[in-house]
Amino acid sequence: MNEEATQSGGGSFAELFEQSAQRVKEGECIRGRVITIDDDHVQVDIGFKSEGLIATWEFMDDDGTLLVSVGDEVDVLVEDSEDHEGRIVLSKEKADRLKIWDQISGAYDRDEAVEGTIITRVKGGLSVDIGVKAFLPGSQVDLRPVRNLEQMVGTRHQFKIIKFNKRRGNIVLSRRALLETERKKLRSETLETLEEGQIVDGVIKNITDYGAFIDLGGIDGLLHVTDMSWGRVNHPSELFHVGDEIKVKVLKFDAESERVSLGLKQIQPDPWVDAAMRYPIGMRIQGKCVSLTDYGAFVELEPGVEGLVHVSEMSWTKRIKHPSKVVSVGDEVEAVVLDVDEGNRKISLGMKQIEPNPWQMIEEKYPVGTKVRGQVRNITNFGVFVGLEEGIDGLVHVSDVSWTEQIKHPSEKFQKGDELEAVVLKIDKENEKFSLGIKQLEPNPWDDIQKKYPGGSEIEGPVVNVTDFGAFVRLEDGVEGLVYVSEMAAERVEKPSDVVKEGDTVKAIVVRVDPAEQKISLSMKAVHDRDEREALKQMAAQQSTSQKATLGDLLAEKLAEKSEQSSEE
């Protein structure tokens, strides 16, 4: 063998070994050929009569599958030029790692992206396998902050190397940098083609209470919640999820500010077109209650078309304070179409119209003059409401409580829950009003007042109230007469209180009685005038009597004188 080597010009064995030792250096990565494989080692010939053993596991994948065969060429790293048995110590794993580091270094120098798999969450970010472990800070994961970094584990992405130190084994990556570069490119392309009225494809990027942001390709547009559907949308999350692909219409586009307003419902038929034809007045409909307000309930007739049942249209008879007393969100509602206003997108509905109007039959059930009994349900300053049946109340006005009593407030006579009897006075079906009277149960005493207190008759009674315009005098229980200030005295009176006080007993003449208005006019001055006239009459009579006595005396005296003269003669 040595002879053959010498003859071929290769030199002696010692020289070949020396050459091999000189050419195989520790830490060098060289190419070799697999010559044998067993369970523990793979023998690799690296040339120059140099062979080395490498642990078999270095040639296996994670599943334990052997990835090399006899005859395959492999790259190996020379760890030691000779072990204690005289063999070269080689490493396939370290050679691969060194090769990867060289590739990463080259990518860093050329500003090229590398691909890797996120393997675990670490403090401050994520650990990425790009052949070797590298660090991906949390702020560099995406264009927007990622709240749950755990969801990124196991995903594979392209990254940019932003820091590289081979000596320290330190590599820092950024996915955000690549996304920003890609986004700028897409934005430029999108801005050149985007225009109002255009229908474009996008991806839901973010969802808020007021809408969803759509990535149109490097530029975001806002799809407001009011432009998502012709129907009611309580929250955008009811319709979309982040990552959903969607077609939208460009409603407004400002190239300078790069603001884009989008619409989804605008690429769908407007359900309000011909709504009046689909929902004619008087039509019975069924729908779902979708919203309640203080003034009514909104009922969805079809997606995008809602009608309002005003609280006043929920019952013929019940006084409903809030719609929630009748219907709840989600309830199926039956109603009648009352009005349709396509221009303002309004439909008025009525629930009570499903049933006959009891007020249309109330006149037959309670004709005027009918005596009824009921319970006091409410008391106001102008009267009391009496419940006759469910939802049907009659009003007894304060003026219809008594013929004679002056009632300042109905609470003086009644309390809630009192049972009382009344007479039906009037029924107003259109305005749903029912008038009752209590005093009408008895004859009107004022019908006899005129006979009892005829004009010119004298009365005497106590003063019960003094006002600026006169004084009220009680004639009997519930009956009072008014003496106007002008009828108090013959002379001018400035204030009634200068003449009379409450509790004083006065005499007056009945001047006028008005049963319809229940008023009696009195005059104290008339009493004074009458008394004065009677006094004058008496004086005149006395004077007349006095004059008659004087003439008799004179005649008697004359006769006496004549008699005396005759006797003397």
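Note on residue 36 and residue 345: their simple-model spin labels are 8.6 nm apart, each label 7 Å out from Cα toward Cβ. Close amide-amide hydrogen proximity is noted between residue 480 and 475, each under 5 Å apart and 5 or more residues distant or on a separate chain (H modeled in the peptide plane; Pro and chain starts excluded).
Both numbers refer to the Cα atoms of the stretch 318-363; Rg and Dmax are 13.5, 40 Å. With the convex hull drawn over the C-alpha atoms of the stretch 39-186, the volume per residue is 164 Å³. By the count of other C-beta atoms within 10 Å, a proxy for reagent exposure, 163, 413 are ordered fewest to most as 163, 413.
Taking other C-beta atoms within 10 Å as the exposure proxy, 380, 317 rank 380, 317 from fewest upward. Based on C-alpha pairs under 8 angstrom that are at least 6 apart in sequence, the stretch 179-251 has a relative contact order of 38 percent.
Loop-resident GluC sites (Glu not before Pro) (DSSP state other than H, G, I, E or B) in the stretch 261-349 with no more than 16 further Cβ atoms inside 10 Å of their Cβ: 342. Note on the chain: along the principal axes its Cα atoms extend 240, 52, 48 Å, ordered by decreasing extent. Listed by Cβ neighbour count within 10 Å, with the fewest neighbours leading, 348, 69, 105 appear as 69, 105, 348. Here the spin labels are modelled as points 7 Å beyond Cα on the Cα-Cβ line, and at residue 318 and residue 519 they lie 4.8 nm apart. Considering helices alone, the calculated mean residue ellipticity of the chain at 222 nm is -6500 deg cm²/dmol, with DSSP H runs of length four and up weighted by -39500 (n - 2.57) and normalised per residue. For residue 538 and residue 259, the difference between the fully extended length at 0.36 nm per residue and the C-alpha to C-alpha distance is 89.2 nm. Taking every C-alpha pair closer than 8 Å and separated by at least 6 residues, the mean separation divided by the residue count of the chain gives a relative contact order of 5 percent. The tail of the calculated P(r) for the stretch 194-267 beyond 17 Å holds 34 percent of all Cα-Cα pairs. On full extension, the segment bounded by residue 377 and residue 444 gains 21.4 nm, given 0.36 nm per residue less the C-alpha separation. Annotation for residue 302 and residue 195: the two label points, set 7 Å from Cα along the Cα-Cβ direction, are 3.4 nm apart. Label point of residue 163 set 7 angstrom out along Cα-Cβ; within the stretch 128-145, amide nitrogens under 13 Å from it belong to 134-140.
Extension gain, residue 45 to residue 407: 0.36 nm times the residue separation minus the Cα-Cα distance gives 117.7 nm. Counted over the stretch 111-179 with a bin width of 10 Å, the fraction of Cα pairs per bin, in whole percents, is 22, 61, 16, 1. For the stretch 300-307, putting each phi into the Karplus relation 6.51 cos²θ - 1.76 cosθ + 1.60 with θ = phi - 60° gives couplings of 7, 8, 7, x, x, 10, 10, x Hz, in residue order, rounded to whole numbers and with x for Gly and Pro.
Read-outs throughout are calculated quantities, based only on the coordinates presented, and are distinct from any laboratory measurement. None of the values given here were measured: they were computed from a predicted structure. Neighbour counts are summed over all protein chains in view; Cβ atoms, including those assigned to glycine, are modelled from backbone coordinates with ideal geometry.
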